[in-house]
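A short worksheet on the structure shown next.
The values are calculated or read from the model by the stated rules, or taken from the named source; none is laboratory data. Small disclaimer: the values here were computed from a predicted structure and weren't measured. Every residue, glycine as well, gets a Cβ built from its backbone with ideal geometry; the counts of neighbours run over all protein chains shown.
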Amino acid sequence: MILVRLCKIALVASAALFFSLVAFGNFTDYGSNWQFVQHVLSMDTTFPNSSLHWRAIANPTAQAAGYWLIIATETLVALLLWAGCLRLLAAIGGEDFNRAKALAVSGLSLGFLLYAVGFVSIGGEWFAMWQSQIWNGEQKAFDFIGMIGAVLVVVLLSDPASQ
């Protein structure tokens, strides 16, 4: 039982590390992903004759607000996941381990939503990111959704109170 629980905590910690590094990278190398956000929102590399260009956001202030929302979400996810790890560690040998999963599940769910809603639905479909051969992050988003989803499923599996 303890080994399985340690594995679940390690999976949550791996997701926490991932989101910590992503957020840290966006803080310390703001410009790299800022270009990505600008191009996706302005739709300047989508099909030239697309009738979807009316959806574009070219205002730099609005673009920056969108980028800061992404960074804030990544940071919140990392914090929730690290706090979830601590809560799970504190409950590792007890009967309340399943109840202790709430923070980890919240963080994983928010991270999943960031990529599924933010990058695939809004970026990919609304802003037609799929049309860009240069600024298309859909495959990476799907990779992240797969990783986060797998961890979420494993964490959500019920643990017996004792064995």
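Odds and ends about this structure:
- Phe47 vs. criteria at pLDDT 95 or above, among the aromatic types (Phe, Trp, Tyr) and more than 24 Å from Met147 (Cα to Cα): yes
- Test: Ala78 is within 13 Å of the chain's Cα centre (by Cα), at pLDDT 95 or above and among the small types (Gly, Ala, Ser): yes
- Qualifying residue in the range 24-42 (condition: among the small types (Gly, Ala, Ser) and either in contact with a helix residue (DSSP H, G or I) (Cβ under 6 Å, 6 or more places away or on another chain) or under 30 Å from Phe97 (Cα atoms) (or both)): no
- The residue pairs whose first member lies in the range 117-135 and is in a helix (DSSP H, G or I) and surrounded by 20 or more Cβ atoms within 10 Å (Cβ to Cβ), whose second member is at pLDDT 95 or above and of a type in the set (Ser, Thr, Tyr), and whose beta carbons are closer than 8 Å, counting only pairs six or more residues apart or on different chains, are Met129/Thr46.
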